[in-house]
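Here is the structure we will look at, set down as structure tokens.
Every number here is computed from the coordinates shown, using simple stated rules; none is lab data. Computed from a prediction, not measured in an experiment: that's the story for all the values here. Don't worry about glycine lacking a Cβ; one is built from the backbone with ideal geometry, like all the others, and counts go over all protein chains shown.
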Amino acid sequence: MTEKTEKLLSPLRTGSWPERWLTRALGAGLAAAAYLVCIPWDLRNRVETPGSVNETTPVTGVGVILLAVALLLLAAYFGHRDDLAWPLLLVAAPPVTLMYISLRTHPGPPDGFAGAWPLAWAFFTLVIAAGVLIAATVGRAFRREGEDWAERVPLL
């Protein structure tokens, strides 16, 4: 394994203090950026036509899938390199916080479900956190102390 690959995949606790925290900050920034790119905010959230109760939404199925893939890859990477709690803080917390801000700042539809956003936020928080924990656990399975991980992964 090359020195660069070894550096990118070694446990964070073996690195220096600035390296650990810069890597973690970069991971949190990437998770937030993935949310902002895949689930763009329509700050002009408005009705499509005058008198309509349906508002426009920038959320697409492709965006949700791309966000899920990006978060799962980040969670597996940080699960491989760091302790199991860090992926929750670095990968799950930024999108969940941005979703909370988005749901809190946009008024709900006038159909009586205006107060239902906390339930939607709680549900998606649980889904994101569970996915991150599963991906981090899978990433962690490829880590063994004192052994080259590439020797255990077939076809690499």
Hey, rough spin-label estimate for Leu22 and Leu73, points 7 angstrom out along Cα→Cβ, what's it come to in nanometres?
-> 2.3 nm
Roughly what would the spin-label model give for Ala120 and Leu103, points 7 Å off Cα along C-beta, in nm?
-> 0.8 nm
What nm distance separates the two modelled labels at Trp41 and Ala85, each placed 7 Å from Cα along Cα→Cβ?
-> 2.9 nm
